[in-house]
1. Among the residues of segment 26-47, what is the count of those that are part of a helix (DSSP H, G or I) and not hydrophobic (A, V, I, L, M, F, W, C)?
2. Residue under question is Arg62, and the condition is that it be among the charged types (D, E, K, R), at pLDDT 90 or above, surrounded by fewer than 14 Cβ atoms within 10 Å (Cβ to Cβ) and on the phi < 0 side of the Ramachandran plot; does it hold?
3. When the residues of segment 82-109 are filtered to those that are of a type in the set (A, V, I, L, M, F, W, C) and assigned to a helix (DSSP H, G or I), which remaining residue is nearest to Met37 (Cα to Cα)?
4. Which one is modelled with the lowest pLDDT among residues in segment 1-48 that are polar (S, T, N, Q) and under 20 Å from the mean Cα position of the chain (by Cα)?
5. Can you tell me how many residues within segment 55-81 are within 17 Å of Trp43 (Cα to Cα), part of a loop (DSSP other than H, G, I, E, B) and not acidic (Asp, Glu)?
Amino acid sequence: MRFGNSNISAFPQQGTPSQVGFERRELDRILNLYGRMVAAGHWKDYAMDMRRDVAIFAAFRRASERPQIRIEKRPAERNRQGMWSLHGEQGQILKRGHDLSGVLAPVERKLLKLVSD
């Protein structure tokens, strides 16, 4: 559109994002757990993957192995079983939920057992 000497541009459309990512609070929570597991000697490395439909955080015992756990955020599943899921080493779904805290609970319990031993 053009009015007089001014140019007016339309804002970009607010459609679906080009990729899914972790919000700062979510990533802080995940990295806090990761740091405690590293301190306990249980994990040694991590990787993150941000795709169009899913954001993945994977934690490894050793860099050359499959991830011991995978935390996935799938916003498309928000209204179904929850957008968060925790996957085990063999790819099995260990926990699903609507909030990150509940999904991380099995790993938190494992950490408590590691510390108390």
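The values are calculated or read from the model by the stated rules, or taken from the named source; none is laboratory data. Here the structure is a predicted model, which means the values were calculated and not measured. A quick note on method: Cβ atoms are made from the backbone with ideal geometry, for glycine too, and the neighbour counts reach across all protein chains shown.
1. Pass one, segment 26-47, residues part of a helix (DSSP H, G or I): 26-39.
In the following step, the residues that additionally are not hydrophobic (A, V, I, L, M, F, W, C) were identified as 26, 28-29, 32, 34-36.
Here the count works out to 7.
2. no
3. So the first thing to find is which residues in segment 82-109 are of a type in the set (A, V, I, L, M, F, W, C), and the list is 83-84, 86, 93-94, 100, 103-105, 107.
Within this subset, residues satisfying the condition of being assigned to a helix (DSSP H, G or I) are 100, 103-105, 107.
Details: Leu100: 17, Val103: 16, Leu104: 12, Ala105: 13, Val107: 9 Å.
The qualifying residue nearest to Met37 (Cα to Cα) is Val107.
4. We begin by selecting, within segment 1-48, every residue polar (S, T, N, Q); these are 5-7, 9, 13-14, 16, 18-19, 32.
The next check asks that each one be under 20 Å from the mean Cα position of the chain (by Cα); those that pass are 16, 18-19, 32.
On the way: Thr16: 55, Ser18: 79, Gln19: 85, Asn32: 95.
So the residue we want is Thr16.
5. 7
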